[in-house]
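Novice: Sharing a structure below in structure tokens format, with a few things to ask.
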């Protein structure tokens with residue numbers, strides 16, 4: 001089981017500085033953000049796909065520091081109801097897929113995205129440009145909207161995108177994340193059934209916990225559809241949880257008052273869980289990396305090494 005670091009954790013370092021830092025901490029695998037929400041601080045898929053010399057230089061840099069690209073990351077919302085945002089995120093994602101093929105990287109990590117409301121008849125100019133996440137079963141309006149989003153926006157987009165990924169031999173690992181159409185194993189497997197086996201899951205246990213799911217059950221349900229794993233924990237604030245529930249809109253910048261916040265692996269759930277997590281991944285013959293996605297309220301230059309120490313003991 002190989003440990004990786006997601007480059008967004010090291011945004012305060014430039015490209016050479018990040019590679020030196022990873023090498024000094026014994027990290028040999030990298031998940032590289034190259035567009036969408038992760039940005040282009042360390043790599044820009046649209047630029048790299050058109051510049052062979054830059055791609056060769058990137059690979060030479062990685063090789064010099066004994067680092068292998070485990071995945072490219074291009075989390076975005078390519079079905080966003082604002083056409084400009086959807087277009088930009090689609091260009092980023094398609095470039096990332098092409099770049100993964102050019103660099104012989106097996107996986108592109110992304111979001112399913114989330115579309116918005118349908119236009120009122122005769123009122124198209126006033127259509128909302130804000131995503132709408134309908135996840136309740138009543139009133140019926142929400143289920144009607146959800147059906148339209150899946151049938152008219154989500155499935156058509158991902159059928160075409162998954163087909164291109166399959167042609168290039170690339171796996172698309174959709175992160176199951178609240179706020180997006182694919183947010184749990186059921187929605188992931190539904191989209192995979194419609195789009196084919198090149199589309200699978202990125203499992204981040206932290207998003208399971210705050211939605212009330214068991215990450216170990218998610219492993220069981222996903223099986224061969226599990227393409228990538230993020231390492232991140234969740235801590236619950238019992239009082240705030242009792243007051244506001246898991247759909248707490250308190251900003252992440254105020255973890256003291258939030259019902260839950262992200263944490264380093266081992267802080268929210270101990271070594272017992274994480275040992276079982278690794279065992280269950282081995283049981284389904286998971287062949288990808290365990291990629292550290294740092295979003296805890298502590299400096300990443302302190303938090304990532306702590307996670308490396310914690311996980312290395314368990315993996316060993």
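Novice: Say each of residue 287 and residue 104 gets a label point 7 Å from the Cα, pointing the same way as Cα to Cβ; how far apart are those two points in nm?
Specialist: It works out to 1.5 nm between the two label points.
Novice: A further question on this structure: Running a GNM on the chain with Cα contacts under 10 Å, which residue among 53, 115, 275 ends up with the highest mean-square fluctuation?
Specialist: 53
Novice: Could you tell me the calculated FRET efficiency between residue 64 and residue 301, based on Cβ-Cβ distance and R0 = 25 angstrom, to the nearest 0.05? Can you show the working numbers first?
Specialist: Values: r = 22 Å, r/R0 = 0.88.
In this case the efficiency is close to 0.70.
Novice: How far apart, in nm, are two points set 7 Å out from the Cα along the Cα-to-Cβ line at residue 159 and at residue 193?
Specialist: Using points 7 Å along Cα→Cβ, the separation is 1.6 nm.
Novice: Then there's this: Between residue 56 and residue 246, what length comes free when the chain is fully extended (0.36 nm per residue of separation minus the Cα-Cα distance, one decimal in nm)?
Specialist: 63.8 nm
Novice: Another one. Given springs between every Cα pair under 10 Å in a Gaussian network model of the chain, which of 16, 300, 205 has the largest fluctuation?
Specialist: Fluctuation is largest for 16.
Novice: Right, here's the next one. Work out, in µm²/s and without decimals, the Stokes-Einstein translational diffusion coefficient of the chain at 20 °C, 1.002 mPa s, Rh from Kirkwood over C-alpha pairs.
Specialist: 106
Novice: Right, another one. For the stretch 133-191, just run the numbers: alpha carbon Rg, then divide by 2.2 N^0.38 Å, N being how many residues it has. Write out the running numbers ahead of the final one.
Specialist: Numbers: Rg = 12.9 Å, N = 59, 2.2 N^0.38 = 10.4 Å.
Normalised Rg, Cα atoms only: 1.25.
Novice: Percent antiparallel among DSSP beta bridges with both residues in the chain, to the nearest 5?
Specialist: Bridges in the chain that DSSP calls antiparallel: roughly 15 percent.
Novice: Same structure, new question: What are the equivalent ellipsoid semi-axes of the stretch 208-252, built from the alpha-carbon gyration tensor (square roots of five times its eigenvalues), in whole angstrom, biggest first?
Specialist: Values: eigenvalues 141, 25, 14 Å².
Ellipsoid semi-axes (Å, largest first): 27, 11, 8.
Novice: What full-extension length gain, to one decimal in nm, is calculated for residue 211 and residue 129 as 0.36 nm per residue of separation minus the Cα-Cα distance?
Specialist: Residue separation times 0.36 nm, minus the Cα-Cα distance, leaves 26.9 nm.
Novice: Still on this structure: So, R0 is 22 Å and r is the distance between the beta-carbons of residue 316 and residue 25; what FRET efficiency does that work out to, to 0.05?
Specialist: Using R0 = 22 Å, I get an efficiency of 0.85.
Novice: As a check on your grasp of the helix formula, calculate [θ] at 222 nm for the chain: sum -39500 (n - 2.57) over DSSP H runs of n ≥ 4, divide by the residue count, round to the nearest 500.
Specialist: -12500 deg cm²/dmol
Novice: Expressed as a fraction of 2.2 N^0.38 Å, the rule-of-thumb size for a compact globular protein of N residues, what is the C-alpha radius of gyration of the stretch 158-316?
Specialist: In units of the globular-protein estimate, the stretch 158-316 measures up at 1.08.
Each value in this text was obtained by applying a stated rule to the coordinates, not by laboratory testing. Fair warning: this is a prediction, and the values are worked out from it, not measured in the lab. Every residue, glycine as well, gets a Cβ built from its backbone with ideal geometry; the counts of neighbours run over all protein chains shown.
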